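Everything on this sheet refers to the single structure shown next.
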Amino acid sequence: MATGEAAAPPELASFLAIGLDQRTAENALANRKVTANLAAVIAEAGVSGCDKSVGNLLYTVATKYPANALVHRPVVIQYIVSSKIKTPAQLDAALSFLSTLGPDPLDTAKFEETCGVGVVVSTEEIQSMVTDILKENMEAIVEQRYHINVGSLCGQVRKWHPWGDAKFIKEEIDKRLTEILGPKTEADNVKPVKKKKEKPAKVEEKKTAVAAPAPPSEEELNPYSIFPQPEENLKVHTEIFFSDGNIWRAHNRKDILEKHLKATGGKVMTRFPPEPNGYLHIGHAKAMFIDFGLAKERNGHCYLRFDDTNPEAEKKEYIDHIQEIVRWMGWEPYKVTYTSDYFQELYELAVCLIKKGLAYVDHQTPEEIKEYREKQMNSPWRDRPIEESLKLFEDMRHGLVAEGKATLRMKQDMQNDNKNMADLIAYRIKFTPHPHAGDKWFIYPSYDYAHCLVDSLENITHSLCTLEFDIRRPSYYWLLVALDQYQPYVWEYSRLNISNNVMSKRKLNKLVTEKWVDGWDDPRLLTLAGLRRRGVSSTAINSFIRGMGITRSDNSLIRVERLEYHIREELNKVAPRAMVVLHPLKVVITNLDYGTIIDLDAKKWPDAPGDDASAYYKVPFSRTVYIEQSDFRVKDSKDYYGLAPGKTVLLRYAFPIKCTEVIYGDNSDNIIEIRAEYDPSKATKPKGVLHWVAEPSPGVNPLKVEIRLFEKLFLSENPVELEDWLGDLNPRSKEVIKGAYAVPSLATAALGDKFQFERLGYFAVDSDSTAEELVFNRTVTLRDSYGKAGPK
């Protein structure tokens, strides 16, 4: 019975409408990423149909556009649609230009000059250049005749006229060659024989040293080598420029540094300072790698410090999670501290700042503060008497001033071009009990005030943070200089951004609280809890971080495939193999007696030694086996290695089977059973090899398990750039398959166990598993597009 043809995907028509040939359009549909990108490009172009030349350029944009410059893609598409960019050479130049530019503002004039917009190369100019190039190559043309490399001649012309019509250049060269050489002879039609290189005669001579590859740099061998030693912390950290021309050169005096070194014993002291207002993500893994890693490498100490200055956002759940996940990542804190441990010291330093005339109590509303900052105007309360500010600040401390009616602000420089010097808020009033400090305080310090001071109080040698804090460096050191405190060495590194996901805690919190995902540990998220639940190890995460280095070069987007490469590399070594069938199709082996069970040995590892029983697991082969529905077709083809009527395939670790009959249900699309015969002699050697699962005993179904497959959470590589970023969520990011069949050996799998399910990918036991049913999450597929290019 013939099977009915499936309806063509709706995208196929739109792909064909822009002039793509059938094969290219179908290849695009076979790749989800290309399908999504091409559909988005066509939508941005606003075309329902167009010339083939335009369509091919749009296809190139969909497949080759640089991910770091997505913000400029609509501009490029309009250049194509309006025929300002008309040729592949122009588009290649545009994409190269944008790859270097990234998300920075686009200089239209420079862009157009780079890709030849508006440049018209006349036929006369091409003909003249062809004449010149042929003259230069005439000796070779006469000698080689029609065996001359025409592509090289075209390239020489395009070197002078890169925006010339490539087709016309080729046609003109072909025409002129015919004029020069005349009709082809028999010799011209004979393929030239490639001369074999003669081996030089062996001559006894001194062996010359072969140039060895350059040794890895010190930074590649040890990424922490870029950081100075604690005793070197006398140099000027930064220059703080004031609008009146004054300059503060922040650095430690010798006596302050000596006091610090005495307190620390000269050891490196770092800190990992998360806010307890959410779960940690993979960006925090990079911070841990740098903070804890530097301390470990220098035989120093790293604090786990909770930056708990906002009592409304903090929860014990987050504090417990962070402590547990830090240790799971392989790091052991020297001490666990809280910014709130230092509230008394911070309050006393604030009083000192007021007494120095460098802080004041302000009554402006948030809106007024914003307006005055934009206009670079001083607050009307900026120059109030010191005693008045001291009295008001004490009243604030005792809860005598209402919330929102006053703040303590640092007296920095309202006319400074750096907005982070515009009299930042040091304290605000909150009548909220603190999860760690209790109800003792009615005022709480801001991050900008507390962070640098607690670094100093804890004698931190290296204060390491991400690049967005670079512009806060002047205010960090302003406060330490103003209070004559020890100054840590500050260094900023590039933030970790990974494609097809979001890393902002605010966005992650929105995804979780609005139930777009299944909690903070949803395996689709790049939270560390989510990655762990998916089956990713801390070792793989740290390997990924180390592979990127800890430079401060930029905040470029890292492809998620790069992370997957490191995950796959580790799992390939540690995950034993097993067989699971996701969508079972029943196969009855008609020439195997009912009730017969053959126990076969299946390899846990590809190179399992024959004499090691622990490297194998038992798999029953019986009269009823199950294969994947996708591994059977009614119509066979040369490029198909699955089972088909009359065709033989090999069941992995078992026997060849040949399909002898197909049993249909109520229509030709409903195949309910395959009948087959097996070859016990294994004489046939089919190309196709299938995974399978059999009934362990007559009439007893195989072990039933639930399988969860995950795809990228967002369709776009950089959803953060989108205004409607939630609208970019991938509706197919999670697929739950109930009723998959597994080999019996998986029945004892427990939480934390990981496997490679043959032909399907790497899987880990999920925490939703019960005694009645195991649940497996796919960690990563077997496919490795990133690794082919090699890790960086």
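The values are calculated or read from the model by the stated rules, or taken from the named source; none is laboratory data. Bear in mind the structure is a predicted one, so any value in this text is a computation, not a measurement. Neighbour counts are summed over all protein chains in view; Cβ atoms, including those assigned to glycine, are modelled from backbone coordinates with ideal geometry. The protein model used for the area step is the full one, side chains on, heavy atoms only, and it has no ligands, DNA or RNA in it. Shrake-Rupley method; radii C 1.70, N 1.55, O 1.52, S 1.80 Å.
Listing for the model above:
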| read-out | value |
| --- | --- |
| Residue check for Val720: free of Cβ contacts under 8 Å to residues at least 40 places away in the same chain and open to solvent by 30 Å² or more (accessible area, probe 1.4 Å) | no |
| So Arg532, is it exposed (fewer than 15 other Cβ atoms within 10 Å of the Cβ) and assigned to a helix (DSSP H, G or I) | no |
| Among (1) out of contact with any strand residue (DSSP E or B) (no Cβ under 6 Å at 6 or more places or on another chain); (2) farther than 30 Å from Thr513 by Cα; (3) open to solvent by 10 Å² or more (accessible area, probe 1.4 Å); (4) not in a helix (DSSP H, G or I) - the single one Glu275 does not satisfy | (2) |
| Selection count where residues are of a type outside the set (D, E, K, R) and under 20 Å from Leu709 (Cβ atoms), scope the stretch 538-575 | 8 |
| Residue within the stretch 545-562 that is open to solvent by 20 Å² or more (accessible area, probe 1.4 Å), free of Cβ contacts under 8 Å to residues at least 40 places away in the same chain and out of contact with any Ser or Thr (no Cβ under 8 Å at 6 or more places or on another chain) present | no |
| Residue that is most open to solvent (accessible area, probe 1.4 Å) [pool: residues in the stretch 11-32 that are in contact with an Asp or Glu (Cβ under 9 Å, 6 or more places away or on another chain) and under 14 Å from Val54 (Cβ atoms)] | Gly19 |
| Residue in the stretch 354-381 that is farthest from Ala482 (Cα to Cα), counting only those that are of a type outside the set (A, V, I, L, M) and open to solvent by less than 30 Å² (accessible area, probe 1.4 Å) | Gln364 |
| Some residue of the stretch 106-124 being open to solvent by 70 Å² or more (accessible area, probe 1.4 Å), closer than 15 Å to Arg158 by Cα and not hydrophobic (A, V, I, L, M, F, W, C) | yes |
| Any hit, the stretch 621-640, residues being of a type in the set (Asp, Glu) and within 27 Å of Val574 (Cα to Cα) | yes |
| Qualifying positions in the stretch 133-165 - closer than 16 Å to Val121 by Cα and either among the charged types (D, E, K, R) or buried (at least 16 other Cβ atoms within 10 Å of the Cβ) (or both) | Cys154, Gln156, Val157, Arg158, Lys159, His161, Pro162, Trp163, Gly164, Asp165 |
| Tally of residues being among the small types (Gly, Ala, Ser), assigned to a loop (DSSP other than H, G, I, E, B) and in contact with an Asp or Glu (Cβ under 8 Å, 6 or more places away or on another chain) across the stretch 232-263 | 1 |
| Residues being within 23 Å of His691 (Cβ to Cβ) and open to solvent by 70 Å² or more (accessible area, probe 1.4 Å) - total across the stretch 655-678 | 6 |
| Residue within the stretch 499-511 that is out of contact with any helix residue (DSSP H, G or I) (no Cβ under 6 Å at 6 or more places or on another chain), modelled with pLDDT under 95, in a loop (DSSP other than H, G, I, E, B) and among the small types (Gly, Ala, Ser) present | yes |
| Single residue of the stretch 433-449 satisfying the filter (part of a loop (DSSP other than H, G, I, E, B) and either under 16 Å from Thr337 (Cα atoms) or among the polar types (S, T, N, Q) (or both)) that is modelled with the highest pLDDT | Ser446 |
| Test: Gly752 is over 22 Å from Ile567 (Cβ atoms), at pLDDT below 95 and open to solvent by less than 70 Å² (accessible area, probe 1.4 Å) | no |
| Helices (runs of 4 or more DSSP H) (entirely within the stretch 303-376) containing at least 3 residues that are over 26 Å from Ala422 (Cβ atoms) | 316-328 |
| Hey, Asp455 at pLDDT below 95 and either in a loop (DSSP other than H, G, I, E, B) or crowded, with 17+ Cβ neighbours inside 10 Å (or both) or not | no |
